[in-house]
Every structure is written in C-alpha cells, then in structure tokens.
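Notes follow once the structure below has been shown.
The values are calculated or read from the model by the stated rules, or taken from the named source; none is laboratory data. Since the structure is predicted, the reported quantities are computational estimates derived from the model, not experimental observations. Here Cβ is always computed from backbone atoms with ideal geometry, including for glycine, and neighbour counts include all displayed protein chains. In case anyone asks, the SASA skips ligands and DNA or RNA and just uses the protein heavy atoms, side chains included. Shrake-Rupley method; radii C 1.70, N 1.55, O 1.52, S 1.80 Å.
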Amino acid sequence: MQKKISVIGLGKLGASMVAAIASRGFEVIGVDVNQKSVDAVNAGREPVQETNLEKYISENQERIRATMSHEEAILNSDLSFVIVPTPSDEKGSFSLQYAAWAFKEIGKALAKKNAYHLVVLTSTVLPGATRFGLLPILEKESGKKCGEDFGLCYSPEFIALGSVIRDFLNPDFTLVGEFDVRSGSELEEFYSEVMFGNAPCKRMSLENAELTKISVNTFVTTKITFANMLADLCERIPGGNVDVVTDALGSDSRIGRKYLTGALGYGGPCFPRDNVALSYMARTLNSCADIAETTDRVNRSMADTITEKLRPIIQKGKTVAILGLAYKPSSHVVEESQGVYLGKTLSEAGARVVAYDPLANESANAELNGKIVILDSAKKCLAQADIVLITTADDEFKQLLTNDFVVDGKEVTVYDFWRILKEELSGKEKVNYIPIGCGTNDERQSQFLKELWGNEANI
Ligand SMILES: NC(=O)c1ccc[n+]([C@@H]2O[C@H](COP(=O)([O-])OP(=O)(O)OC[C@H]3O[C@@H](n4cnc5c(N)ncnc54)[C@H](O)[C@@H]3O)[C@@H](O)[C@H]2O)c1
C-alpha cells in the first residue's frame, strides 16, 4: 500500500515538498503553526512565494490538505518530514528551538499510535543534533523506542530558492542519515518512488549525514571565494580575464565549472550562515575549520573592500547607482545580499546611493530603512548616476543599452561585477566601463611585470 506522507513546516522548503510529493501521486498532509499558511494550502494557494508552487498546489489539491494539528498529521500518515526553521544563534550554531517543539508534538502523537512511523528531519542541523538533541524528546514524549516503535532519519534536501520543486524532484543524489537499517531502507524506497532519474542514495550514520549537508554549502562557497580571488588577480595582470581562466580551470574534471565565476560574494539565507556554523562546530570539537573561517571573513569583507576602492571618487559627492539588491537574480530575498551591504557601506562612506531591483525593492527598503533611495526602474537610477554598480546578472539589466547609461552627455563609470554588458559598453564614449575580473590598465600592469621579471632575470 502506498505510504501517506506528512510535512511539518509549510515554509519555502516544506510547502514545496508537499506540492512536489503530491505531484507524484502521494497523499500529503502539511502542518504549520501559522493559520494563514494552513488556510492558504487548503485553499489551493501558495503559503510562500516560490517558483511554480501555486501551480503544483492547485493542480494536486485533491491529494493535499493542511492542518495545525501535529497529532492529526501523525495519526494519518506513515512518514513525516520535519522542515521547520533552525535559525542561527549568537554562538553561530543552529538553534533547535523550533525543531524541539515540533518533535515534542510528534512524540505526543506517537504515544497514541500503534503502527510504526518514520520521522525524517530535513532542517539543517549540526552533527549530533538529531541523535542527541532531538531523538530523546521523541522517546520521552512517546514513551516508545526508536528502532522498534518508530524510525528516524536525517535527510536534508539540496535545493536553491527559486527552483525548490525542480531541485527536490531531480537531485544529484539523495542523502540519508539513518538511525538504523530499517529507517534508511524505508526512506530510500520512498525517494526512489518520488524522485525522477536514478540519483544515487548515499546512506550513512546520522552524524555523517549532518556533516555532509553542511560540507556541501561550505565547499561551494569556498569555490566561489576562490573564483573571486582569481578575479582580483586577473585585474592586476595585462589582458587578465577571469572568465578565460575559470573556464579552462573548470574544464578539469576534478574541479568543474559550476560556482566558479569570479564576481561578487555569496549571500542568501543558507551559504553565509553555514560557514559560521561549521567553524563553531569545529572549535567546539577542538578541531579547526580555518578554510571555512577564511571563506567567511573574505566574503564578509567584500562590500568594505569595494567601498574602499571607490572612496576617492565618492568623496566628491557623486551619486552611486546599485542595480541588483536581491542576493541573486530573479529573487525577492535580500538576506545577506551583497547589493544591500554595498548600499549600507557606500552610504556610510558618504555617497548618495540610489538603487533598483526587479523583485526585491520592497524587502530591500525594509532592510535598508531609508539609508539609500530605492527607485522603481533601472533607467531612473541611471539618469542620476555618476557611478553604476551592476551587482546581479539579472536578465533585465542585460537588456540595458549605452544610451541608458549616458544621459544628457554626462560621463559615467560602470563597475560590472558579472560582465553582462561587456559587448555593449566596452570602448563607448562617455562610459568608463570596468568589467570586474579583467585587467584594465595593460600598460601600467605590463610595466610592473617588466620591472619584476626584468630585475629577477637581471636584464
Ligand atoms: N531556504 C533555503 O534555501 C534552505 C535550503 C536548505 C535548507 N534549508 C533549511 O530548511 C529549514 C527550513 O527552511 P525554510 O526556508 O523552509 O524556513 P521557513 O522559515 O520558510 O519555513 C518554516 C515554516 O515552519 C513553520 N514552523 C515553525 N515551527 C513549527 C512547528 N513546530 N510545527 C509546524 N510548523 C512550524 C513556520 O511557521 C514556517 O512556516 C531550515 O533548517 C533551513 O536551514 C533551507
């Protein structure tokens, strides 16, 4: 008989999982402590903004329902995913506060259930949290034993906001941390029925899975930061071009091309906090995660470094326009976004800053609290700008033309972090175009290298 599924937490991940699992023919019950989210799902609407979520929920509505009762969900399902927030705390760790509350409710419901039930924690946690932080709550509240009366797995998803449903259904691999073989086998079987393709299922202990999850993000951010380091080096050599270098570098199968584009730092709700948490965990275990700490430090200093670079020109009271406030294109999320950080540091340095984002104006406004002027179009920003920073590779910015930048014959300096307007703006009159990661003063840089190597070779 087909399993019935419940998902505890109807946020960006949980609601998307409900919709994705229901689209594969399963009955799914969603649980949230927020009445509005529950009502939205029951009305066939998306409780949070995410690509295709509303469409998937409404198309699969006959198999989806939502409730505020954990008990109702547990008693009417066989397998529960728990995907509640695990916010960073002041130590840099992930708080178990919400997960503990959810596990308490699940435990109370398990006490009333005779059949075996599999509990799967999907929220991001650090090694040991599932077994030593949360499992005791389940056993205490239910009065039952894990491995006998119920099963337990830690199984995070590897998704990006903006493509959560697609990523969930088409994973590179599934990660299953298992309390025991039965728990892992049940979850692996479920994934094989839900996911498309034949992605390998990596099964391991709870702790190894917890470490693997956080390692994926911290490794990827290290790769991004490495590419940013190369971009800075490329700017200092004649004819330097970071795209040429990373393209070749990424062709090596040991390295790979993904996330190897020199530009701005990373942001968003996951990447920045995961390095901090890994560093915390390492310190706590008397190990040291120097690489994670350095990646985090370098990434957090990017806005300051850029502001220092611009300081000589912004002191003259010029207006800086920032195009891109979300942490990535086509997103409304501004958490830890480089565009927002630049807005703050530049305005603190005395610049007049105007900015625009196709989707994130409202959330950026709330975050920046009047520190900069947010306008409702890129062209309005450009009309006022002496200096332009293009901080995301948004499709809308790729359509901009030279004439949009040169307004009333005024000169403009454009820093293009993603080099999206290289063809359009390079060599244009009145435009001082600076593609980040590219050598911009071949003569001076050649002279520098001539002196370095001439002296070295004793010429
Ligand atoms: N957002 C991402 O890109 C991403 C990626 C990977 C992993 N994660 C992890 O997934 C987890 C959830 O992230 P999210 O972005 O979906 O969070 P979110 O804040 O969007 O949603 C969490 C939902 O859980 C609900 N909730 C809180 N306590 C509850 C409880 N006891 N019972 C039922 N519902 C409860 C909240 O009301 C909210 O609707 C976090 O651990 C996060 O680190 C997130």
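A few remarks follow.
- Checked against the criteria, Val333 counts as in the same structural domain as Leu382 (by TED's automatic domain parsing) and within 16 Å of the ligand (Cβ to nearest atom).
- Of all residues in the stretch 346-369, those that are of a type in the set (D, E, K, R) and surrounded by fewer than 24 Cβ atoms within 10 Å (Cβ to Cβ) have Cβ atoms under 7 Å from Cβ atoms of residues that are at pLDDT 90 or above and assigned to a strand (DSSP E or B), 6 or more apart or on another chain, in Arg352/Thr319.
- Count of residues meeting criterion [free of Cβ contacts under 8 Å to residues at least 24 places away in the same chain and open to solvent by 20 Å² or more (accessible area, probe 1.4 Å)] in the stretch 412-432: 6
- Close contacts from the stretch 209-229, counting a first residue that is more than 17 Å from Asn299 (Cβ to Cβ) and basic (Lys, Arg) and a second that is assigned to a helix (DSSP H, G or I) and open to solvent by less than 30 Å² (accessible area, probe 1.4 Å), with Cβ to Cβ under 9 Å and a gap of 6+ residues or different chains, come to Lys213/Asp274.
- Positions within the stretch 55-64 being of a type outside the set (Lys, Arg), under 30 Å from the mean Cα position of the chain (by Cα) and either in a helix (DSSP H, G or I) or modelled with pLDDT under 95 (or both), in sequence order: Tyr56, Ile57, Ser58, Glu59, Gln61
- Restricting Tyr56, Tyr98 to residues that are open to solvent by 10 Å² or more (accessible area, probe 1.4 Å), aromatic (Phe, Trp, Tyr) and within 12 Å of the ligand (Cβ to nearest atom) narrows the list to Tyr98.
- With respect to the conditions (1) in contact with a strand residue (DSSP E or B) (Cβ under 8 Å, 6 or more places away or on another chain); (2) open to solvent by 50 Å² or more (accessible area, probe 1.4 Å); (3) among the polar types (S, T, N, Q), Gln61 lacks only one, and its number is (1).
- Restricting Val41, Val28, Val84 to those that are buried (at least 23 other Cβ atoms within 10 Å of the Cβ), more than 21 Å from Ala111 (Cα to Cα), assigned by TED's automatic domain parsing to the domain that holds Thr122 and touching a Phe, Trp or Tyr at 6+ places or on another chain (Cβ under 7 Å) reduces the list to Val84.
- For the stretch 101-126, a tally of residues being within 12 Å of the ligand (Cβ to nearest atom) and either touching a Phe, Trp or Tyr at 6+ places or on another chain (Cβ under 8 Å) or within 20 Å of Phe158 (Cβ to Cβ) (or both) returns 6.
- Under the condition of being of a type in the set (S, T, N, Q) and more than 13 Å from the ligand (Cβ to nearest atom), the residues counted in the stretch 2-24 number 2.
- Residue that is farthest from the ligand (Cβ to nearest atom) [pool: residues in the stretch 70-81 that are open to solvent by 40 Å² or more (accessible area, probe 1.4 Å) and touching a strand residue (DSSP E or B) at 6+ places or on another chain (Cβ under 8 Å)]: Asp78
- Scan of the stretch 127-165 for residues that are touching an Asp or Glu at 6+ places or on another chain (Cβ under 8 Å), closer than 17 Å to Val84 by Cβ, within 13 Å of the ligand (Cβ to nearest atom) and open to solvent by less than 10 Å² (accessible area, probe 1.4 Å), ordered by number: Thr130, Tyr154, Val164
Per-residue answers, yes or no, for (1) within 26 Å of Val216 (Cα to Cα); (2) of a type in the set (Phe, Trp, Tyr):
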{"site": "Glu139", "(1), (2)": "no, no"}
{"site": "Gly143", "(1), (2)": "no, no"}
{"site": "Cys146", "(1), (2)": "no, no"}
{"site": "Ser163", "(1), (2)": "yes, no"}
{"site": "Phe168", "(1), (2)": "yes, yes"}
{"site": "Thr174", "(1), (2)": "yes, no"}
{"site": "Asp180", "(1), (2)": "yes, no"}
{"site": "Ser183", "(1), (2)": "yes, no"}
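- Residues in the stretch 174-221 that are more than 23 Å from Ala22 (Cβ to Cβ), of a type in the set (Phe, Trp, Tyr) and in a loop (DSSP other than H, G, I, E, B): Phe179 alone.
- Of note, Val33 does not satisfy the criterion of being within 15 Å of the ligand (Cβ to nearest atom), part of a helix (DSSP H, G or I) and free of Cβ contacts under 8 Å to residues at least 40 places away in the same chain.
- Here Gly250 fulfils each of the conditions (1) touching a residue at least 12 places away in the same chain (Cβ under 8 Å); (2) surrounded by 15 or more Cβ atoms within 10 Å (Cβ to Cβ); (3) at negative phi apart from (1).
- Residue in the stretch 262-291 that is most open to solvent (accessible area, probe 1.4 Å), counting only those that are of a type in the set (Gly, Ala, Ser) and in a loop (DSSP other than H, G, I, E, B): Ser287
- Residue that is farthest from Phe219 (Cα to Cα) [pool: residues in the stretch 295-343 that are among the β-branched types (Val, Ile, Thr) and part of a strand (DSSP E or B)]: Thr319
- Residue satisfying all of: in the stretch 166-202; hydrophobic (A, V, I, L, M, F, W, C), free of Cβ contacts under 8 Å to residues at least 40 places away in the same chain and open to solvent by less than 10 Å² (accessible area, probe 1.4 Å); nearest to the ligand (Cβ to nearest atom) among these: Leu175
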